[in-house]
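S.K.: Pasting a structure here, questions to come.
The values are calculated or read from the model by the stated rules, or taken from the named source; none is laboratory data. In this text, all values refer to a predicted model and were calculated from it rather than measured experimentally. All Cβ positions, even for glycine, are placed from backbone atoms using ideal geometry, and neighbour counts span all protein chains on display. Areas reflect the complete protein model, heavy atoms only, side chains present, ligands, DNA and RNA absent. Shrake-Rupley method; radii C 1.70, N 1.55, O 1.52, S 1.80 Å.
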Amino acid sequence: MSKKMKIRFLLIGAVLVSGVTFLSFRGDNRNFQIAKNLDIFNAIVKELDLFYVDTIDPNKTVREGIDYMLMQLDPYTNYFPEEEQSDLEQLTRGSYGGIGSMIRYHSKLKRVVIVEPYEGMPAAEAGLKAGDILWEIDGEDLNGLTSDKVSSMLRGPEGSNFKLKVKRPGTESLLEFTMVRKSIQLPTVPYYTVMDGDVGYINLNSFSGTPSKAFKAAFLELKKQGINSLVIDLRNNGGGLMDEVVEIANFFVPKGKVIVSTRGKMKQADHVYRTTKQPLDTEIPLTVLINSNSASASEVLAGALQDLDRAVIVGERSLGKGLVQTPRSLPYGAAIKITTSKYYTPSGRCVQAIDYSNRNPEGRAVRVPDSLTTVFKTSVGREVRDGGGITPDVSVDQDKFPNILFYLSNDDLIFDYATEYVQAHPVIAPAASFEISDADYEAFKEKVKASDFKYDQQSEKILKTLREAAEFEGYLENASEEFTALEKKLNHNLDRDLDHFSNYIRKMINIEIAKRYYFQTGGIIEQLKDDDYLEEAIRILKDPARYRELLAPGQEIGAEDKE
(Lines give C-alpha, C1' and ligand atoms only; values in the text may rest on other atoms or scores of the structure.)
Protein backbone atom coordinates (compact mmCIF):
# COMPACT_ATOMS: atom_id res chain seq x y z
CA MET A 1 0.00 0.00 0.00
CA SER A 2 1.41 3.42 -0.96
CA LYS A 3 2.12 6.09 1.61
CA LYS A 4 -0.61 8.28 0.09
CA MET A 5 -3.18 5.46 0.44
CA LYS A 6 -2.11 4.84 4.07
CA ILE A 7 -2.61 8.52 4.87
CA ARG A 8 -6.05 8.45 3.20
CA PHE A 9 -7.15 5.42 5.26
CA LEU A 10 -5.84 7.03 8.44
CA LEU A 11 -7.80 10.21 7.68
CA ILE A 12 -10.99 8.23 6.93
CA GLY A 13 -10.53 6.24 10.12
CA ALA A 14 -10.03 9.42 12.12
CA VAL A 15 -13.21 10.91 10.66
CA LEU A 16 -15.20 7.74 11.44
CA VAL A 17 -13.90 7.62 15.01
CA SER A 18 -14.67 11.30 15.43
CA GLY A 19 -18.17 10.77 14.08
CA VAL A 20 -18.84 7.83 16.37
CA THR A 21 -17.42 9.77 19.31
CA PHE A 22 -19.57 12.78 18.40
CA LEU A 23 -22.74 10.70 18.08
CA SER A 24 -21.93 8.91 21.30
CA PHE A 25 -21.35 12.25 22.99
CA ARG A 26 -24.66 13.56 21.71
CA GLY A 27 -26.52 10.51 23.00
CA ASP A 28 -24.66 10.50 26.31
CA ASN A 29 -25.16 14.25 26.64
CA ARG A 30 -28.95 13.88 26.31
CA ASN A 31 -28.96 11.09 28.90
CA PHE A 32 -26.71 13.19 31.11
CA GLN A 33 -29.06 16.18 30.86
CA ILE A 34 -32.03 14.02 31.86
CA ALA A 35 -30.13 12.49 34.80
CA LYS A 36 -28.79 15.89 35.88
CA ASN A 37 -32.22 17.54 35.92
CA LEU A 38 -33.80 14.63 37.75
CA ASP A 39 -31.10 14.92 40.40
CA ILE A 40 -31.74 18.66 40.69
CA PHE A 41 -35.52 18.13 41.02
CA ASN A 42 -34.94 15.46 43.68
CA ALA A 43 -32.57 17.75 45.57
CA ILE A 44 -35.01 20.68 45.47
CA VAL A 45 -37.82 18.59 46.98
CA LYS A 46 -35.48 17.43 49.76
CA GLU A 47 -34.24 20.96 50.47
CA LEU A 48 -37.80 22.30 50.62
CA ASP A 49 -38.81 19.50 52.96
CA LEU A 50 -35.89 20.23 55.30
CA PHE A 51 -35.56 24.01 55.25
CA TYR A 52 -38.75 25.67 53.96
CA VAL A 53 -40.36 27.78 56.69
CA ASP A 54 -43.65 25.87 56.54
CA THR A 55 -44.17 22.13 56.30
CA ILE A 56 -44.78 21.07 52.71
CA ASP A 57 -46.98 18.21 51.54
CA PRO A 58 -44.61 16.10 49.39
CA ASN A 59 -47.44 14.44 47.47
CA LYS A 60 -49.04 17.79 46.61
CA THR A 61 -45.72 19.46 45.78
CA VAL A 62 -44.51 16.73 43.44
CA ARG A 63 -47.97 16.23 41.90
CA GLU A 64 -48.23 19.91 41.00
CA GLY A 65 -44.74 19.75 39.50
CA ILE A 66 -45.69 16.74 37.39
CA ASP A 67 -48.99 18.29 36.29
CA TYR A 68 -47.30 21.53 35.26
CA MET A 69 -44.65 19.62 33.29
CA LEU A 70 -47.30 17.64 31.42
CA MET A 71 -49.38 20.77 30.86
CA GLN A 72 -46.63 22.04 28.55
CA LEU A 73 -47.20 19.07 26.22
CA ASP A 74 -50.92 18.55 25.49
CA PRO A 75 -54.14 18.23 27.52
CA TYR A 76 -54.33 14.47 27.02
CA THR A 77 -51.03 13.36 28.58
CA ASN A 78 -52.01 12.87 32.23
CA TYR A 79 -50.56 11.38 35.40
CA PHE A 80 -52.62 9.01 37.57
CA PRO A 81 -51.32 8.16 41.05
CA GLU A 82 -52.35 4.85 42.59
CA GLU A 83 -55.46 6.30 44.25
CA GLU A 84 -56.78 7.57 40.88
CA GLN A 85 -56.47 4.32 38.93
CA SER A 86 -60.26 4.01 38.78
CA ASP A 87 -60.35 7.22 36.74
CA LEU A 88 -57.90 5.77 34.23
CA GLU A 89 -59.84 2.50 34.13
CA GLN A 90 -63.04 4.36 33.37
CA LEU A 91 -61.34 6.27 30.54
CA THR A 92 -59.92 3.15 28.89
CA ARG A 93 -62.51 0.48 29.70
CA GLY A 94 -65.60 2.59 30.27
CA SER A 95 -66.16 0.91 33.64
CA TYR A 96 -65.37 1.48 37.31
CA GLY A 97 -66.37 0.19 40.75
CA GLY A 98 -69.09 2.39 42.20
CA ILE A 99 -72.82 3.02 42.51
CA GLY A 100 -73.55 4.28 38.98
CA SER A 101 -74.69 7.86 39.39
CA MET A 102 -73.76 11.31 38.17
CA ILE A 103 -73.20 13.77 41.03
CA ARG A 104 -72.61 17.53 41.27
CA TYR A 105 -71.74 20.09 43.93
CA HIS A 106 -74.77 22.26 44.69
CA SER A 107 -73.41 25.74 45.42
CA LYS A 108 -76.38 26.91 47.50
CA LEU A 109 -76.63 23.73 49.58
CA LYS A 110 -72.83 23.45 49.98
CA ARG A 111 -73.21 19.72 49.45
CA VAL A 112 -73.01 17.21 46.64
CA VAL A 113 -76.31 16.02 45.16
CA ILE A 114 -77.37 13.12 42.98
CA VAL A 115 -77.85 14.48 39.46
CA GLU A 116 -78.68 11.33 37.52
CA PRO A 117 -78.73 7.71 38.72
CA TYR A 118 -78.04 5.32 35.83
CA GLU A 119 -80.76 2.84 35.02
CA GLY A 120 -80.14 -0.66 36.38
CA MET A 121 -77.17 0.44 38.49
CA PRO A 122 -76.87 0.24 42.33
CA ALA A 123 -77.93 3.86 42.91
CA ALA A 124 -81.18 3.47 40.96
CA GLU A 125 -81.86 -0.03 42.28
CA ALA A 126 -81.42 1.16 45.88
CA GLY A 127 -83.94 3.95 45.30
CA LEU A 128 -81.68 7.00 45.12
CA LYS A 129 -83.19 9.85 43.13
CA ALA A 130 -81.96 12.95 41.35
CA GLY A 131 -82.05 15.77 43.86
CA ASP A 132 -81.06 13.63 46.85
CA ILE A 133 -78.51 15.49 48.99
CA LEU A 134 -75.55 13.32 50.03
CA TRP A 135 -75.15 13.68 53.80
CA GLU A 136 -72.90 10.95 55.19
CA ILE A 137 -70.76 8.06 53.98
CA ASP A 138 -69.97 5.52 56.71
CA GLY A 139 -70.63 8.20 59.31
CA GLU A 140 -68.41 10.88 57.73
CA ASP A 141 -70.18 14.19 57.21
CA LEU A 142 -69.94 15.35 53.59
CA ASN A 143 -70.67 19.01 54.27
CA GLY A 144 -68.55 21.26 52.04
CA LEU A 145 -66.71 18.41 50.28
CA THR A 146 -66.16 18.77 46.55
CA SER A 147 -67.76 16.44 44.03
CA ASP A 148 -64.31 14.98 43.23
CA LYS A 149 -63.73 14.10 46.89
CA VAL A 150 -67.19 12.58 47.29
CA SER A 151 -66.80 10.68 44.02
CA SER A 152 -63.59 9.05 45.27
CA MET A 153 -65.44 8.00 48.45
CA LEU A 154 -68.29 6.47 46.45
CA ARG A 155 -65.92 4.42 44.30
CA GLY A 156 -64.16 1.30 45.46
CA PRO A 157 -63.65 -2.42 44.83
CA GLU A 158 -66.53 -4.29 43.28
CA GLY A 159 -68.62 -6.01 45.99
CA SER A 160 -67.55 -3.66 48.81
CA ASN A 161 -70.32 -1.87 50.69
CA PHE A 162 -70.90 1.29 52.71
CA LYS A 163 -73.67 3.15 54.53
CA LEU A 164 -75.01 6.22 52.77
CA LYS A 165 -77.29 8.82 54.32
CA VAL A 166 -79.12 11.33 52.15
CA LYS A 167 -81.51 14.22 52.70
CA ARG A 168 -84.38 14.01 50.24
CA PRO A 169 -86.17 17.32 49.52
CA GLY A 170 -89.70 17.14 50.91
CA THR A 171 -88.79 14.74 53.72
CA GLU A 172 -87.78 15.66 57.28
CA SER A 173 -85.52 12.83 58.38
CA LEU A 174 -82.41 11.44 56.72
CA LEU A 175 -82.76 8.32 54.58
CA GLU A 176 -80.18 5.55 55.01
CA PHE A 177 -79.09 3.12 52.31
CA THR A 178 -76.69 0.18 52.35
CA MET A 179 -74.87 0.48 49.03
CA VAL A 180 -72.97 -2.37 47.38
CA ARG A 181 -70.50 -1.27 44.74
CA LYS A 182 -70.42 -3.07 41.42
CA SER A 183 -68.55 -2.71 38.16
CA ILE A 184 -70.27 0.18 36.43
CA GLN A 185 -70.40 -0.12 32.67
CA LEU A 186 -71.96 3.02 31.26
CA PRO A 187 -74.34 2.38 28.36
CA THR A 188 -72.63 3.10 25.06
CA VAL A 189 -75.81 2.77 22.98
CA PRO A 190 -78.36 4.35 25.31
CA TYR A 191 -81.07 4.70 22.67
CA TYR A 192 -82.06 3.44 19.23
CA THR A 193 -85.34 3.55 17.35
CA VAL A 194 -87.12 3.71 13.98
CA MET A 195 -88.03 7.19 12.75
CA ASP A 196 -90.22 8.41 9.94
CA GLY A 197 -91.37 4.90 9.12
CA ASP A 198 -88.14 3.31 7.86
CA VAL A 199 -85.13 5.35 9.07
CA GLY A 200 -83.07 3.74 11.81
CA TYR A 201 -81.43 5.85 14.51
CA ILE A 202 -78.60 4.74 16.84
CA ASN A 203 -77.14 6.97 19.54
CA LEU A 204 -73.51 5.94 20.13
CA ASN A 205 -72.05 8.01 22.98
CA SER A 206 -68.66 6.33 23.58
CA PHE A 207 -66.12 3.91 22.13
CA SER A 208 -64.95 2.76 25.57
CA GLY A 209 -65.71 -0.78 26.71
CA THR A 210 -67.30 -2.93 23.98
CA PRO A 211 -69.78 -0.66 22.16
CA SER A 212 -69.54 -2.71 18.95
CA LYS A 213 -71.59 -5.50 20.56
CA ALA A 214 -74.36 -3.12 21.63
CA PHE A 215 -74.26 -1.34 18.27
CA LYS A 216 -74.51 -4.61 16.33
CA ALA A 217 -77.46 -5.80 18.43
CA ALA A 218 -79.24 -2.47 17.92
CA PHE A 219 -78.61 -2.45 14.16
CA LEU A 220 -79.82 -6.03 13.66
CA GLU A 221 -82.95 -5.28 15.71
CA LEU A 222 -83.65 -2.21 13.57
CA LYS A 223 -83.16 -4.31 10.42
CA LYS A 224 -85.82 -6.70 11.71
CA GLN A 225 -88.14 -3.72 12.08
CA GLY A 226 -87.68 -2.90 8.39
CA ILE A 227 -85.36 0.10 8.24
CA ASN A 228 -84.07 1.13 4.81
CA SER A 229 -81.44 3.67 6.01
CA LEU A 230 -79.59 4.57 9.20
CA VAL A 231 -78.55 7.65 11.20
CA ILE A 232 -75.51 7.17 13.48
CA ASP A 233 -75.41 9.90 16.13
CA LEU A 234 -71.84 10.66 17.29
CA ARG A 235 -72.56 14.08 18.78
CA ASN A 236 -70.77 14.67 22.10
CA ASN A 237 -68.95 11.34 21.70
CA GLY A 238 -65.50 11.92 23.18
CA GLY A 239 -63.89 8.76 21.80
CA GLY A 240 -62.45 5.54 23.21
CA LEU A 241 -60.82 2.44 21.79
CA MET A 242 -59.55 2.25 18.19
CA ASP A 243 -60.36 -1.46 17.83
CA GLU A 244 -64.02 -0.68 18.53
CA VAL A 245 -64.05 1.96 15.79
CA VAL A 246 -62.73 -0.58 13.29
CA GLU A 247 -65.27 -3.19 14.42
CA ILE A 248 -68.21 -0.80 13.94
CA ALA A 249 -66.90 0.50 10.60
CA ASN A 250 -66.58 -3.14 9.48
CA PHE A 251 -70.36 -3.54 9.80
CA PHE A 252 -70.71 -1.30 6.73
CA VAL A 253 -67.34 -1.61 4.95
CA PRO A 254 -65.91 -4.67 3.12
CA LYS A 255 -63.18 -6.85 4.60
CA GLY A 256 -59.61 -5.64 4.09
CA LYS A 257 -60.28 -1.89 4.00
CA VAL A 258 -57.97 0.48 5.88
CA ILE A 259 -59.97 2.39 8.50
CA VAL A 260 -57.20 4.23 10.31
CA SER A 261 -53.43 4.21 10.75
CA THR A 262 -51.27 5.55 13.55
CA ARG A 263 -47.71 6.89 13.41
CA GLY A 264 -45.45 7.96 16.28
CA LYS A 265 -41.82 8.42 17.29
CA MET A 266 -41.43 4.79 18.35
CA LYS A 267 -41.88 2.05 15.74
CA GLN A 268 -44.26 0.20 18.06
CA ALA A 269 -46.67 3.15 17.79
CA ASP A 270 -47.08 2.62 14.03
CA HIS A 271 -50.05 0.49 13.13
CA VAL A 272 -52.53 0.07 10.29
CA TYR A 273 -56.06 -0.95 11.27
CA ARG A 274 -58.03 -2.83 8.61
CA THR A 275 -61.43 -4.44 8.59
CA THR A 276 -61.07 -8.19 9.15
CA LYS A 277 -64.60 -9.59 8.83
CA GLN A 278 -67.42 -9.84 6.37
CA PRO A 279 -69.68 -6.77 6.76
CA LEU A 280 -73.32 -6.77 7.82
CA ASP A 281 -74.56 -4.34 5.15
CA THR A 282 -72.51 -2.46 2.55
CA GLU A 283 -75.51 -0.95 0.74
CA ILE A 284 -77.74 0.67 3.38
CA PRO A 285 -77.56 4.49 3.10
CA LEU A 286 -75.88 6.10 6.12
CA THR A 287 -75.74 9.56 7.63
CA VAL A 288 -73.48 10.37 10.58
CA LEU A 289 -74.20 13.25 12.98
CA ILE A 290 -71.21 15.11 14.46
CA ASN A 291 -70.71 18.34 16.38
CA SER A 292 -67.85 20.30 17.94
CA ASN A 293 -67.74 17.82 20.86
CA SER A 294 -67.29 14.78 18.61
CA ALA A 295 -63.66 13.84 19.21
CA SER A 296 -60.92 11.28 18.72
CA ALA A 297 -62.40 7.84 18.00
CA SER A 298 -65.70 9.36 16.84
CA GLU A 299 -63.70 11.47 14.37
CA VAL A 300 -61.93 8.30 13.19
CA LEU A 301 -65.26 6.62 12.40
CA ALA A 302 -66.77 9.71 10.76
CA GLY A 303 -63.55 10.37 8.83
CA ALA A 304 -63.23 6.77 7.64
CA LEU A 305 -66.83 6.59 6.44
CA GLN A 306 -66.35 9.96 4.71
CA ASP A 307 -63.04 9.00 3.08
CA LEU A 308 -64.51 5.71 1.87
CA ASP A 309 -67.59 7.59 0.56
CA ARG A 310 -69.76 5.29 2.66
CA ALA A 311 -71.78 7.89 4.59
CA VAL A 312 -72.92 11.51 4.39
CA ILE A 313 -71.59 13.46 7.39
CA VAL A 314 -74.06 16.01 8.80
CA GLY A 315 -73.66 18.66 11.50
CA GLU A 316 -70.75 20.94 12.40
CA ARG A 317 -66.97 20.58 12.28
CA SER A 318 -65.69 18.15 14.90
CA LEU A 319 -63.23 18.94 17.69
CA GLY A 320 -60.02 17.98 15.88
CA LYS A 321 -58.31 15.54 18.23
CA GLY A 322 -55.96 13.46 16.12
CA LEU A 323 -53.74 12.26 18.96
CA VAL A 324 -53.59 8.72 20.35
CA GLN A 325 -52.88 7.99 24.03
CA THR A 326 -51.38 4.86 25.54
CA PRO A 327 -51.41 3.99 29.27
CA ARG A 328 -47.95 3.24 30.71
CA SER A 329 -47.27 1.77 34.15
CA LEU A 330 -45.18 3.69 36.68
CA PRO A 331 -43.67 2.73 40.06
CA TYR A 332 -45.84 2.49 43.19
CA GLY A 333 -49.01 1.61 41.31
CA ALA A 334 -49.12 4.87 39.38
CA ALA A 335 -49.61 5.25 35.63
CA ILE A 336 -49.36 7.83 32.89
CA LYS A 337 -51.63 8.21 29.88
CA ILE A 338 -49.22 9.52 27.27
CA THR A 339 -49.69 10.73 23.71
CA THR A 340 -47.68 8.29 21.61
CA SER A 341 -48.88 8.83 18.04
CA LYS A 342 -51.19 10.63 15.65
CA TYR A 343 -53.91 8.92 13.67
CA TYR A 344 -54.60 9.21 9.96
CA THR A 345 -57.84 8.48 8.12
CA PRO A 346 -57.87 6.27 4.97
CA SER A 347 -57.15 9.24 2.67
CA GLY A 348 -54.00 10.00 4.70
CA ARG A 349 -55.18 13.10 6.55
CA CYS A 350 -54.67 13.84 10.24
CA VAL A 351 -57.53 15.81 11.79
CA GLN A 352 -55.47 17.25 14.69
CA ALA A 353 -56.52 20.89 14.94
CA ILE A 354 -54.00 22.26 17.45
CA ASP A 355 -50.22 22.08 17.09
CA TYR A 356 -49.01 21.75 20.69
CA SER A 357 -45.35 21.74 19.64
CA ASN A 358 -45.59 25.34 18.41
CA ARG A 359 -46.99 28.04 20.69
CA ASN A 360 -47.59 31.77 20.33
CA PRO A 361 -45.61 34.38 22.33
CA GLU A 362 -48.11 34.05 25.18
CA GLY A 363 -47.34 30.33 25.40
CA ARG A 364 -50.71 29.18 24.08
CA ALA A 365 -51.06 26.46 21.47
CA VAL A 366 -53.12 27.63 18.50
CA ARG A 367 -55.23 26.00 15.81
CA VAL A 368 -53.70 25.12 12.48
CA PRO A 369 -54.95 27.86 10.10
CA ASP A 370 -57.05 26.68 7.17
CA SER A 371 -54.49 28.24 4.80
CA LEU A 372 -51.87 25.72 5.98
CA THR A 373 -54.04 22.62 5.64
CA THR A 374 -53.52 20.06 2.88
CA VAL A 375 -56.05 18.66 0.42
CA PHE A 376 -56.60 14.89 0.30
CA LYS A 377 -58.95 12.80 -1.83
CA THR A 378 -61.67 10.34 -0.84
CA SER A 379 -62.05 7.02 -2.66
CA VAL A 380 -64.07 8.60 -5.48
CA GLY A 381 -62.05 11.81 -5.59
CA ARG A 382 -63.93 14.20 -3.31
CA GLU A 383 -61.63 16.75 -1.70
CA VAL A 384 -61.13 16.69 2.08
CA ARG A 385 -58.66 18.57 4.26
CA ASP A 386 -56.49 17.79 7.26
CA GLY A 387 -55.69 19.95 10.27
CA GLY A 388 -59.07 20.89 11.69
CA GLY A 389 -61.39 18.06 12.60
CA ILE A 390 -63.92 16.48 10.26
CA THR A 391 -65.75 18.97 8.06
CA PRO A 392 -69.29 17.67 7.45
CA ASP A 393 -70.63 17.14 3.94
CA VAL A 394 -73.71 19.12 5.00
CA SER A 395 -73.23 21.74 7.73
CA VAL A 396 -76.02 22.62 10.15
CA ASP A 397 -75.50 25.62 12.40
CA GLN A 398 -75.64 24.93 16.14
CA ASP A 399 -78.30 26.91 18.00
CA LYS A 400 -76.77 29.64 20.12
CA PHE A 401 -78.28 29.19 23.55
CA PRO A 402 -79.29 32.42 25.30
CA ASN A 403 -77.12 33.76 28.10
CA ILE A 404 -79.96 33.49 30.62
CA LEU A 405 -80.14 29.71 30.11
CA PHE A 406 -76.53 29.30 31.26
CA TYR A 407 -77.21 31.19 34.48
CA LEU A 408 -80.48 29.36 35.17
CA SER A 409 -78.61 26.05 34.89
CA ASN A 410 -75.55 27.24 36.79
CA ASP A 411 -77.72 28.43 39.70
CA ASP A 412 -79.47 25.02 39.78
CA LEU A 413 -82.87 26.68 39.30
CA ILE A 414 -83.91 24.27 36.55
CA PHE A 415 -82.54 21.31 38.51
CA ASP A 416 -84.34 22.35 41.72
CA TYR A 417 -87.59 23.00 39.88
CA ALA A 418 -87.45 19.48 38.40
CA THR A 419 -86.95 18.05 41.89
CA GLU A 420 -90.06 19.88 43.13
CA TYR A 421 -92.00 18.83 40.03
CA VAL A 422 -91.28 15.14 40.67
CA GLN A 423 -92.55 15.44 44.25
CA ALA A 424 -95.88 16.77 42.97
CA HIS A 425 -96.25 14.37 40.00
CA PRO A 426 -95.85 10.63 40.74
CA VAL A 427 -96.18 9.82 37.02
CA ILE A 428 -95.94 11.73 33.74
CA ALA A 429 -96.75 11.02 30.09
CA PRO A 430 -94.30 8.93 28.02
CA ALA A 431 -91.14 10.84 27.14
CA ALA A 432 -92.12 11.05 23.47
CA SER A 433 -95.22 13.09 24.30
CA PHE A 434 -94.27 14.76 27.59
CA GLU A 435 -93.92 18.51 27.98
CA ILE A 436 -94.62 20.88 30.82
CA SER A 437 -97.82 22.91 30.67
CA ASP A 438 -98.11 26.69 30.44
CA ALA A 439 -99.15 26.69 34.11
CA ASP A 440 -96.01 24.71 34.98
CA TYR A 441 -93.84 27.24 33.19
CA GLU A 442 -95.55 30.11 35.00
CA ALA A 443 -94.77 28.35 38.28
CA PHE A 444 -91.12 28.09 37.20
CA LYS A 445 -91.02 31.79 36.39
CA GLU A 446 -92.36 32.65 39.83
CA LYS A 447 -89.69 30.43 41.41
CA VAL A 448 -86.97 32.25 39.47
CA LYS A 449 -88.25 35.69 40.41
CA ALA A 450 -88.55 34.72 44.08
CA SER A 451 -84.92 33.49 44.16
CA ASP A 452 -83.30 36.91 43.64
CA PHE A 453 -81.89 35.56 40.39
CA LYS A 454 -79.09 37.64 38.84
CA TYR A 455 -77.53 37.20 35.44
CA ASP A 456 -75.27 39.10 33.05
CA GLN A 457 -76.47 40.35 29.70
CA GLN A 458 -73.79 40.49 27.03
CA SER A 459 -75.41 43.53 25.42
CA GLU A 460 -75.09 45.49 28.68
CA LYS A 461 -71.44 44.50 29.05
CA ILE A 462 -70.63 45.49 25.46
CA LEU A 463 -72.47 48.79 25.81
CA LYS A 464 -70.57 49.59 29.01
CA THR A 465 -67.27 48.88 27.24
CA LEU A 466 -68.34 51.03 24.30
CA ARG A 467 -69.31 53.91 26.62
CA GLU A 468 -65.90 53.75 28.32
CA ALA A 469 -64.14 53.72 24.94
CA ALA A 470 -66.23 56.67 23.69
CA GLU A 471 -65.42 58.63 26.84
CA PHE A 472 -61.70 57.85 26.51
CA GLU A 473 -61.67 59.00 22.87
CA GLY A 474 -63.75 62.14 23.54
CA TYR A 475 -66.95 61.13 21.74
CA LEU A 476 -69.22 60.57 24.74
CA GLU A 477 -70.33 64.19 25.19
CA ASN A 478 -71.94 64.31 21.74
CA ALA A 479 -73.45 60.81 22.08
CA SER A 480 -74.56 60.94 25.70
CA GLU A 481 -78.31 61.03 24.94
CA GLU A 482 -78.07 58.10 22.55
CA PHE A 483 -76.17 56.04 25.11
CA THR A 484 -78.75 56.84 27.81
CA ALA A 485 -81.64 55.86 25.53
CA LEU A 486 -79.96 52.61 24.53
CA GLU A 487 -79.16 51.75 28.16
CA LYS A 488 -82.87 52.07 29.02
CA LYS A 489 -83.80 49.72 26.19
CA LEU A 490 -81.16 47.16 27.18
CA ASN A 491 -81.92 47.28 30.90
CA HIS A 492 -82.56 43.96 32.65
CA ASN A 493 -86.14 42.77 32.20
CA LEU A 494 -86.40 39.29 33.70
CA ASP A 495 -90.05 38.80 32.74
CA ARG A 496 -89.30 39.73 29.15
CA ASP A 497 -86.29 37.38 28.92
CA LEU A 498 -88.13 34.43 30.49
CA ASP A 499 -90.88 34.87 27.89
CA HIS A 500 -88.65 35.71 24.94
CA PHE A 501 -86.43 32.65 25.47
CA SER A 502 -89.18 30.36 26.76
CA ASN A 503 -88.70 27.75 24.01
CA TYR A 504 -85.07 27.14 25.01
CA ILE A 505 -85.82 27.20 28.74
CA ARG A 506 -88.86 24.93 28.48
CA LYS A 507 -86.89 22.39 26.45
CA MET A 508 -84.17 22.28 29.12
CA ILE A 509 -86.81 21.81 31.83
CA ASN A 510 -88.48 19.03 29.80
CA ILE A 511 -85.14 17.22 29.41
CA GLU A 512 -84.36 17.47 33.13
CA ILE A 513 -87.80 16.18 34.14
CA ALA A 514 -87.86 13.39 31.54
CA LYS A 515 -84.56 12.04 32.92
CA ARG A 516 -86.10 11.80 36.41
CA TYR A 517 -88.73 9.30 35.18
CA TYR A 518 -87.12 7.62 32.16
CA PHE A 519 -83.39 7.95 32.93
CA GLN A 520 -80.92 8.71 30.13
CA THR A 521 -83.26 7.38 27.46
CA GLY A 522 -85.91 9.91 28.43
CA GLY A 523 -83.43 12.76 28.17
CA ILE A 524 -82.32 11.67 24.70
CA ILE A 525 -85.90 11.32 23.44
CA GLU A 526 -86.62 14.84 24.66
CA GLN A 527 -83.44 16.23 23.07
CA LEU A 528 -84.31 14.72 19.67
CA LYS A 529 -87.58 16.68 19.44
CA ASP A 530 -87.18 19.53 16.92
CA ASP A 531 -83.56 18.49 16.32
CA ASP A 532 -82.28 20.36 13.23
CA TYR A 533 -79.33 17.97 12.77
CA LEU A 534 -81.52 14.88 12.86
CA GLU A 535 -84.19 16.37 10.61
CA GLU A 536 -81.58 17.25 7.99
CA ALA A 537 -80.04 13.77 8.17
CA ILE A 538 -83.46 12.16 7.63
CA ARG A 539 -84.24 14.51 4.71
CA ILE A 540 -81.01 13.40 3.00
CA LEU A 541 -81.82 9.71 3.50
CA LYS A 542 -85.35 10.23 2.18
CA ASP A 543 -83.98 11.79 -1.01
CA PRO A 544 -81.89 9.09 -2.80
CA ALA A 545 -80.87 11.44 -5.62
CA ARG A 546 -79.48 14.02 -3.22
CA TYR A 547 -77.75 11.31 -1.18
CA ARG A 548 -76.00 9.98 -4.30
CA GLU A 549 -75.09 13.50 -5.42
CA LEU A 550 -73.42 14.31 -2.08
CA LEU A 551 -71.21 11.23 -2.44
CA ALA A 552 -70.47 11.72 -6.14
CA PRO A 553 -66.95 12.34 -7.53
CA GLY A 554 -65.92 15.99 -7.59
CA GLN A 555 -68.31 17.04 -4.83
CA GLU A 556 -66.78 19.72 -2.58
CA ILE A 557 -67.01 18.72 1.07
CA GLY A 558 -69.06 21.19 3.10
CA ALA A 559 -70.30 23.05 0.02
CA GLU A 560 -73.94 22.46 0.91
CA ASP A 561 -74.50 24.30 4.20
CA LYS A 562 -77.81 24.45 6.03
CA GLU A 563 -78.94 27.25 8.30
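S.K.: Taking helices (runs of 4 or more DSSP H) that fall entirely within region 384-480, which contain at least 2 residues that are of a type in the set (D, E, K, R) and open to solvent by 60 Å² or more (accessible area, probe 1.4 Å)?
M.R.: 438-450, 458-473
S.K.: Could you tell me which residue of region 160-184 is nearest to the chain's Cα centre (by Cα), considering only residues that are in a loop (DSSP other than H, G, I, E, B) and crowded, with 18+ Cβ neighbours inside 10 Å?
M.R.: If we take residues in region 160-184 being in a loop (DSSP other than H, G, I, E, B) and crowded, with 18+ Cβ neighbours inside 10 Å, then R181 is nearest to the chain's Cα centre (by Cα).
S.K.: I would also like to ask the following. Name the single residue that is least open to solvent (accessible area, probe 1.4 Å) among those in region 224-242 being farther than 22 Å from V314 by Cβ and at pLDDT below 95.
M.R.: Among those that are farther than 22 Å from V314 by Cβ and at pLDDT below 95, it is M242.
S.K.: Identify the residue in region 327-342 that is more than 18 Å from the chain's Cα centre (by Cα) and within 13 Å of S296 (Cβ to Cβ) and, among all such residues, is most open to solvent (accessible area, probe 1.4 Å).
M.R.: K342
S.K.: Determine, yes or no, whether A124 is open to solvent by less than 30 Å² (accessible area, probe 1.4 Å), assigned to a helix (DSSP H, G or I) and modelled with pLDDT of 95 or more.
M.R.: yes
S.K.: While we're on this one: Please verify whether V351 is part of a strand (DSSP E or B) and touching a residue at least 24 places away in the same chain (Cβ under 8 Å), treating the condition exactly as stated.
M.R.: no
S.K.: Residues P187, P157: which one is in contact (Cβ under 8 Å) with a residue 24 or more places away in the chain, closer than 30 Å to I259 by Cα and open to solvent by 50 Å² or more (accessible area, probe 1.4 Å)?
M.R.: Exactly one of P187, P157 is in contact (Cβ under 8 Å) with a residue 24 or more places away in the chain, closer than 30 Å to I259 by Cα and open to solvent by 50 Å² or more (accessible area, probe 1.4 Å), namely P187.
S.K.: Let me ask something additional. I need the strands (runs of 3 or more DSSP E) fully contained in region 37-117, keeping only those with at least 2 residues that are open to solvent by 20 Å² or more (accessible area, probe 1.4 Å) and of a type outside the set (A, V, I, L, M, F, W, C).
M.R.: Working: elements: 78-80, 95-98, 101-106, 111-117.
The qualifying strands (runs of 3 or more DSSP E) are 78-80, 101-106.
S.K.: Consider T391 carefully, then state whether it is more than 21 Å from the chain's Cα centre (by Cα) and among the polar types (S, T, N, Q).
M.R.: No: the conditions fail for T391.
S.K.: Also, I was wondering about something else. State all residues of region 243-258 that are open to solvent by less than 30 Å² (accessible area, probe 1.4 Å) and over 22 Å from the mean Cα position of the chain (by Cα); if no residue qualifies, say none.
M.R.: Residues satisfying the conditions are N250, F251, F252, V253.
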